[in-house]
1. Is it true that Leu9 is over 17 Å from Asn232 (Cβ atoms) and surrounded by 18 or more Cβ atoms within 10 Å (Cβ to Cβ)?
2. For region 192-209, give me the residue count where each residue is surrounded by 23 or more Cβ atoms within 10 Å (Cβ to Cβ) and out of contact with any Lys or Arg (no Cβ under 9 Å at 6 or more places or on another chain).
3. Looking at region 149-167, I want the residues that are closer than 12 Å to Arg35 by Cβ and have a partner that is hydroxyl-bearing (Ser, Thr, Tyr) and crowded, with 22+ Cβ neighbours inside 10 Å with Cβ atoms under 6 Å, at least 6 apart or on another chain. Which pairs are those?
4. Among (1) over 16 Å from Thr234 (Cβ atoms); (2) of a type outside the set (Val, Ile, Thr); (3) surrounded by 15 or more Cβ atoms within 10 Å (Cβ to Cβ); (4) free of Cβ contacts under 8 Å to residues at least 60 places away in the same chain, where does Tyr80 come up short?
5. When you check Leu138 against the structure, is it out of contact with any helix residue (DSSP H, G or I) (no Cβ under 8 Å at 6 or more places or on another chain) and open to solvent by less than 10 Å² (accessible area, probe 1.4 Å), yes or no?
6. List pairs: first residue in region 86-112 and within 13 Å of Ile34 (Cα to Cα) and in a strand (DSSP E or B), second residue aliphatic (A, V, I, L, M) and open to solvent by 30 Å² or more (accessible area, probe 1.4 Å) anywhere in the structure, Cβ distance under 6 angstrom, at least six positions apart or on different chains.
7. Out of the residues in region 12-30 meeting the condition of being more than 26 Å from Met72 (Cβ to Cβ) and part of a loop (DSSP other than H, G, I, E, B), tell me which one is least open to solvent (accessible area, probe 1.4 Å).
8. Which of the residues belonging to region 214-227 are in a strand (DSSP E or B) and farther than 19 Å from Glu170 by Cα?
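The values are calculated or read from the model by the stated rules, or taken from the named source; none is laboratory data. None of these values were measured; they are calculated from a predicted model. Here Cβ is always computed from backbone atoms with ideal geometry, including for glycine, and neighbour counts include all displayed protein chains. Please note that ligands, DNA and RNA were not included when accessible areas were found on the heavy atoms of the full protein model with its side chains. Shrake-Rupley method; radii C 1.70, N 1.55, O 1.52, S 1.80 Å.
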Amino acid sequence: NSCEGPYILYDETSGYYYLFVSYGGLTREGGYQIRQYRAEHVTGPYVDAAGNTFDYVSDHSGCGLKMMGNYMLPSLKTAYMAPGHCSMLKDDDGKYYVVYHQRFDNGSEYHEPRVHQMFVNEDGWLVAAPFATMGEALSEDGVAAKEISGVYYYVNHGTDISAEIHSYEEMQLKKDGSLKLADGSSGTWEIKEGTPYITLTVGEAVYKGVVAEMQDEAGNAVRCITAAGDNNETIWGLFYI
């Protein structure tokens, strides 16, 4: 039931103090991960995307917006594991970044520092880009709905605190605004015209995020969806351009 490495970032635009913490054990298979809360006052109370207040509970796996945990993406040579103990910053150009250390599914405790850009969704939550920052920026003109449809690689980070690696599956975003996952789950998607904001529903969960174009770890151009759910899950979608 561990929780450590707190870091608070104040954002003048939203008026929120964002609290980031790490859950799990600091080992490759310890379930280490990054969680997010926010408050209107630096002393709290801090709440998550599901409305839970940051406090002691016997099982805290469902509390705190899980920004990322263990995951595998198509272009990676090995799964990425145990991201955490992060710091956050807002650069002079207004861009947000998360800085943390990352382990890998390579049988060792070797780790590297990582820097990923973060974006603010419509509800004021910070969502992290799936890949290391390389100067990417959100489109000022937004993204047209006709450009979004297609077959994506989809990862749901869930809310578990475990050694499980969340691997990708196919997600089809259809032109009629519906979506379908490889496991048979279905839902809807909608892009807010003239903006990078996107909303996806899967079952009863609603995920709000952004669409950003960037490069993956191998240098391939990718259209990315990163979205935070009202159930404290974060989902990523990748479409190779």
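1. Details: over 17 Å from Asn232 (Cβ atoms): yes; surrounded by 18 or more Cβ atoms within 10 Å (Cβ to Cβ): yes.
Answer is yes for this residue.
2. So the count comes out to 2.
3. Hits for this filter: His157/Thr234; Ile161/Tyr23.
4. All conditions are met except number (1).
5. Values: out of contact with any helix residue (DSSP H, G or I) (no Cβ under 8 Å at 6 or more places or on another chain): yes; open to solvent by less than 10 Å² (accessible area, probe 1.4 Å): no.
No; evaluated as a whole, the condition is false for this residue.
6. Close Cβ pairs satisfying both conditions: Ser87/Val99; Val99/Val115.
7. Initial filter on region 12-30 (more than 26 Å from Met72 (Cβ to Cβ)): 12-19.
From the residues that got through so far, the ones that are part of a loop (DSSP other than H, G, I, E, B) too are 12-15.
Numbers: Glu12: 153, Thr13: 118, Ser14: 46, Gly15: 25 Å².
Ranking the candidates gives Gly15 first.
8. So in region 214-227, the residues in a strand (DSSP E or B) come out as 214-215, 221-227.
Met214, Gln215 - these are the residues of region 214-227 that are in a strand (DSSP E or B) and farther than 19 Å from Glu170 by Cα.
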